[in-house]
Amino acid sequence: PRTPNLAMFADGAVPGTDVQSLWRSARSARCEAKSCQTGRIATAEAAAQSRRGRDAAVQTEQGEGAPRDWQREPRVDYTGLLAFLRRVEDTVIKELDKNWKSHAFDGFEVNWTDQNETVLCLHTLSYPEAQDQNLQVTSVSWNATGSVLACSYGRLDDGDWSTEKSYVCTWNLDRRGLNPQHPDLVVDVPSSVMCLAFHPSQPSLIAGGLFSGELVVWDTSRTEDPVIWRTGMTDDTHTDPVYQVQWLPDSRHRPHWRLLSVSTDGKILVWREQQDGRLALADGFAIVAQQIPRSTRLRKSAWADAAVGVTSLSFSPFDPHVFVVGVEGGYSLRCSTAAPAPALPPTGSSVPLRAPAELAFSPHAGPVYSVSCSPFHRQNLFLSCGTDGQVHLHSMLQTQPLFALQLSQKYLFCVRWSPVRPLVFAAASGEGKLHSMSVSPGEVLLLDLARSARKPAASLKQALSHCPVYCLEFNSKQTQLLAAGDAAGTVKVWQLSSDFTEQGPREMNHLEQLASESTD
């Protein structure tokens, strides 16, 4: 075989050859941006809607002169309708007559608030400095908005009242971070404060009666010097402690108000404010034993020894001239601001005093401490309580009580009608035996005459110690609230259950029936 010639192949290096890319150069010519993989997109703006428009109804058009739908005569089967009405006529009239005579919803008011099933203690308020001096809560009062509560500190038992320093304290219960032992305002008073009353329409004004016989009005919005009016010590000033103050509308100078005060000196005085900060005497009355009308049903000899010191007062909501007072001799008296007779003997006051008493009611067995006129009954029902532990329900038309309820073997210091329930009232008691043989501390007693006229519907324990409850007040704005103050220097704010705040069916009729049956 023939051997191949290997010399025809040999190793060697030759230079490289470049080939220009026609694709890249053509792409570069078409694109401005080298990173874009597509050609430039041409765009133009154009409106999406048509240039011309016209309104078109979605329903078919009615021809001219065609009657509209509301003009068409309705197709009614009058014969069938008449037959139906004749069939149901007797039944409908019977049901309507039944509903007309029904009393199922008398007095019923829709309540959209949450229902409270039990009575709760919301706040326990106190001022430690007053408690350190063993001072007692002598009075409580709610302001015009129902959010601020004031209490006065003093002493109602034995002690050197005339030289004892006391306080007026206020708490705003709607304020966040309420401190029950740190009042929002504390006013130092050189004499014991026996009673308080917030102004009916100006939330910052509060009046107080002092043991010294003076009256003072404070403006709680002024923290530096809150005193804006005072009587001072004059010949017109009470000579005994002031046990109640009340704001009265000034009939001659509306919308101004006057201030009324009662005292155990037997005087009922009406004051007006002066520009110089003084309270000046504008009118006055005096309870004089010899000028009190005597009833044939009362012991005539009793008036010889009966004291006439006034301890409490309540005006009729239906007659601005009529009011009731309680006196130390155990009587309640119906009085009138229109009484013309002068009080005898004449006093040395700057204004002649008049004798207001018109009728004396059957007495308690001891001094009357509190009276309260019903805000619902036009025949002027009122309650009274005193040291005999009884509550009397009276009509101003007769001297004998409609009923007398023995609530305690000790004193009852205060009684108040509910502002929303015609048959509900509350009483403040001292320690004693209450419907049991055990000794109970001072309590707030809630009575509902719709349930029972013999025993309380609820008894609220005010304090653990055996100390009396001296004062209480319903809140007329936030009607579920009731405040009570005691001898331990504590004020408790109670939230009442719905049973005590919602008027029941025929409750007003029940009250009328109670008054009429007892009168008969």
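Taking 0.36 nm per residue of sequence separation and removing the Cα-Cα distance, the residue 90/residue 78 pair yields an extension gain of 2.4 nm.
A Cβ-based charge dipole, computed about the Cα centre of region 127-280 with Lys and Arg at +1 and Asp and Glu at -1, lands at about 680 debye. Mean separation of Cα pairs under 8 Å and 6 or more residues apart, divided by the residue count, gives region 449-520 a relative contact order of 21 percent.
Placing a label point 7 Å from the Cα of residue 240 along the Cα-to-Cβ direction, the residues of region 366-395 whose backbone N falls under 20 Å of that point are 366-372, 384-389. For residue 278 and residue 97, the difference between the fully extended length at 0.36 nm per residue and the C-alpha to C-alpha distance is 58.8 nm. Short-range pairs are left out: with C-alpha atoms under 8 Å and at least six residues apart, the relative contact order of region 239-279 is 34 percent.
Working ranking of peptides 404-410, 198-204, 309-315 by packing, defined as the average number of other Cβ atoms within 10 Å per residue, highest first, is 309-315, 404-410, 198-204.
Label-to-label distance for residue 251 and residue 233 is 3.6 nm, based on points extended 7 Å past Cα in the beta-carbon direction. Model label points for residue 223 and residue 476, set 7 angstrom from Cα along the Cα-to-Cβ axis, are 3.0 nm apart.
Extending 7 Å from Cα along the Cβ direction at residue 350 and again at residue 118 yields two label points whose distance is 5.7 nm.
Expressed as a whole number of Å, what is the distance separating the alpha-carbon centroids of region 317-337 and region 122-156? Using only Cα atoms to place each centre, the spacing works out to 27 Å.
Kindly rank 83-90, 282-289, 499-506 from highest to lowest mean number of other beta carbons found within 10 Å of each residue. Intermediate values should be presented prior to the final figure.
Details: 83-90: 9.8, 282-289: 20.5, 499-506: 19.0.
The densest-packed peptide leads the list: 282-289, 499-506, 83-90.
In loop segments of region 187-262 as defined by DSSP, the trypsin sites (Lys or Arg not before Pro) with at most 10 further C-beta atoms inside 10 Å of their C-beta are 252.
Using 0.36 nm per residue and subtracting the Cα-Cα separation, the extra length available between residue 454 and residue 319 on full extension is 45.6 nm. Summary of the geometry: region 466-498 and region 157-223, compared by the centres of their Cα atoms, lie 16 Å apart. When the C-alpha to C-alpha distance is required to be over 23 Å, the pairs from 410/455; 410/461; 267/410 that qualify are 267/410.
No lab work stands behind these numbers, since they all come straight from the coordinates. Being a predicted model, the structure only gives us computed values, none of them experimental. All Cβ positions, glycine included, derive from the backbone under ideal geometry; neighbour counts span all protein chains shown.
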